[in-house]
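The values are calculated or read from the model by the stated rules, or taken from the named source; none is laboratory data. Quick caveat: nothing in here was measured; it's all calculated off a predicted structure. Ideal geometry is used to build each Cβ from the backbone, glycine not excepted, and the neighbour counts take in all protein chains shown. The protein model used for the area step is the full one, side chains on, heavy atoms only, and it has no ligands, DNA or RNA in it. Shrake-Rupley method; radii C 1.70, N 1.55, O 1.52, S 1.80 Å.
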Amino acid sequence: MQLSDFDIDLFLRDYWQKKPLLIRNPWAKWRNVLEPDELAGLACEEGIESRLIVQSGETWVLEHGPFAEDRFSQLDGAPWTLLVQAVDHYAPDVAALLDPFRFIPNWRIDDVMVSYATDGGGVGPHFDQYDVFLIQGLGKRRWRVGDQCDRTTPLRPHDDLRLLTDFEATGEWVLEPGDILYVPPGVAHDGVAVGDDCMTYSIGFRAPSRPDMLMEWAEHLVDGMADDDLYVDPDLKAAGNPGEIAPSAIDRLHAMAVEKLLDRDAFARWFGQHSSTPKYADADWRPDEPITIEELQALARDGATLARNPASRFAFLRQNDGVLLLFADGSAFPCSGASAALAEQLCAQDHILLDPSLSGAMEMLAALVNQGSLAPADDGDEDGD
Ligand code: SIN
Ligand code: CO
């Protein structure tokens, strides 16, 4: 799926992480891909993150799912919104909405959140930390965007929705089915349903925060260190003043602290594995019985297809030694030659055709099937059940 009249380079140069952009229906033929009832059904399921926000006057009340099946029929006339996270993991048609945005690398993509609102419903004026493309799926929504915010921007007190105290719109548009609004991180926005049956698909991105990343990278390094890796000073000189921490001691201590942190290759390997670890332990595609290489080879002779679990995260990096490292759901697979070409294919497509020429990659493919990242497409597993 491609967006027509959408200039990717121009978008990246002038809008990405810079300013909002309204893209009027760029689809060849827009079709809403999920029914409101299907969304409500997902919100009733254990293990799927969902929220219901009911508005009464100027207050918004938040409830967390899973919800009882009759919850939505109990809501009286007050405007409400239902939001369900990572719907792309369960609905292949929703996952396909990510395709036109694949010019942004996999590791920056988070998931597709889907919302449903009744007339006047919305989540209130707020800002998000991450970039988002808001695709209007069904019905209409009035979006207003405002100023750039940060952690000093005043929020309403005692509010778990992190709503803005003051919101002044600098731009306003009514989005119709197929229209897309891009909102960069930190830009205030407020979307209110115009009429019932308003569905919005949020293509959400992610970016590591420096403190989280440092903490997790350091934690990983510490895991690989020995308890007896201590400071040593066989060259110690008599201290003039016993209170002084000598510059030479600081040099050695500082080197101990940063040496491992500076290993770029080790960082790259860790980051690939870390960033490909799934956020939710859902959509488990692991087979009941592990697949064997012989079984995969038989499937290859039949020309079967392997589908990628839509909840799986795939990425690769090229090492200086020419080896390509494929990452899938937190595992790393070193690849060269035909396996490397296959790994690149796996990162760019949601399925691959198995053929006997892939014999050198069968071990890796079997491991990917057995960890639930791939599954033979014709046994029904591609629906995630
Ligand atoms: C929505 O879909 O109602 C909210 C999306 C957002 O503002 O981030
Ligand atoms: Co938002």
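Assuming a viscosity of 1.002 mPa s and a temperature of 20 °C, what translational diffusion coefficient in µm² per second does Stokes-Einstein assign to the chain, Rh being the Kirkwood radius over Cα pairs?
90
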Gln74 paired with Leu261, simple spin-label distance in nm, labels 7 Å along Cα-to-beta-carbon: 5.1
Anchor Lys140: aspartates and glutamates whose Cα lies under 15 Å away (excluding residues fewer than 8 positions away in-chain): Asp119, Glu172, Glu176, Asp179, Asp190, Asp196, Asp197
Volume per residue of the C-alpha convex hull in region 293-382, rounded to whole Å³: 80
Amide hydrogen neighbours beyond the local backbone of Val123, cut-off 5 Å, H modeled: Gly191
Efficiency of FRET between Glu294 and Lys19 - r from beta-carbon atoms, R0 45 angstrom, step 0.05: 0.20
Vicinal HN-Hα couplings computed from phi for region 101-110 (Karplus, 6.51 cos²θ - 1.76 cosθ + 1.60; Hz; Gly/Pro x): 9, 6, 6, 9, x, 3, 5, 8, 8, 9
Region 99-127 residues near the modelled Ala207 label - backbone nitrogen below 19 Å, point 7 Å along Cα→Cβ: 101-112, 126-127
For Thr305, distant residues with modelled amide H under 5 Å away: Leu354, Ala377, Asp378
Computed [θ] at 222 nm, deg cm²/dmol, the chain (DSSP H ≥ 4; -39,500 (n - 2.57); rounded to nearest 500): -6500 deg cm²/dmol
Max mean-square fluctuation residue, GNM over the chain, Cα-Cα springs under 10 Å, options Ile250, Ile135, Ile352: Ile250
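Hey, can you find the accessible area per residue of region 8-205 for me, probe 1.4 Å, expressed in square angstrom?
46
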Solvent-accessible area per residue for region 231-300 (1.4 angstrom probe, square angstrom): 74
Using a Förster distance of 30 Å, the FRET efficiency for Thr153-Met215 (Cβ separation, nearest 0.05): 0.75
Simple spin-label estimate for Arg318 and Leu353 in nanometres, 7 Å along Cα-Cβ: 2.6
By accessible area with a 1.4 Å probe, ligands and nucleic acids excluded, highest first: order of Phe267, Phe127: Phe267, Phe127
Fluctuation leader among Asp288, Asp119, Asp147 - the chain, Gaussian network, Cα springs under 10 angstrom: Asp288
Placed amide H near Asp128: partners under 5 Å, 5+ positions off or other chain: Gly186, Val187
Between region 336-359 and region 82-124, the alpha-carbon center distance in angstrom: 28
Hits among aspartates and glutamates - C-alpha to C-alpha of Lys237 under 19 Å, sequence gap 8 or more where chains match: Asp251
Area accessible to solvent at Val174, 1.4 Å probe radius, in Å²: 50
Extension gain, Leu161 back to Leu253 (0.36 nm per residue minus Cα-Cα distance, nm): 28.7 nm
Nearest-20 debye value, the chain charge dipole, Cβ charges on Lys, Arg, Asp, Glu: 1480
Solvent exposure ordering (accessible area, 1.4 Å, most first) of Asp190, Asp228: Asp228, Asp190
Residue order for Leu12, Leu181, Leu262 - accessible surface, 1.4 angstrom probe, largest first: Leu262, Leu12, Leu181
Percent carbon-and-sulfur accessible area, region 1-155, ignoring ligands, DNA and RNA, probe 1.4 Å: 48
Fraction of accessible area attributable to carbon and sulfur, region 236-385 (%, probe 1.4 Å): 53
Phi-based couplings in Hz for region 18-35 (Karplus 6.51, -1.76, 1.60; Gly and Pro marked x): 10, 8, x, 9, 8, 10, 6, 2, x, 7, 4, 8, 6, 9, 5, 9, 9, 7
Chain lengthening between Glu58 and Asp119 when straightened (0.36 nm per residue, less Cα-Cα): 20.4 nm
Top of Leu83, Leu261, Leu134 by mean-square fluctuation, Gaussian network on the chain, Cα under 10 Å: Leu261
Under 16 Å from Lys260, Cα to Cα: lysines that are on another chain or at least 8 residues apart: none
Extension gain (nm, one decimal) between Thr170 and Phe11, 0.36 nm per residue minus Cα-Cα: 55.2 nm
Vicinal HN-Hα couplings computed from phi for region 165-174 (Karplus, 6.51 cos²θ - 1.76 cosθ + 1.60; Hz; Gly/Pro x): 5, 10, 9, 10, 6, 10, x, 8, 9, 9
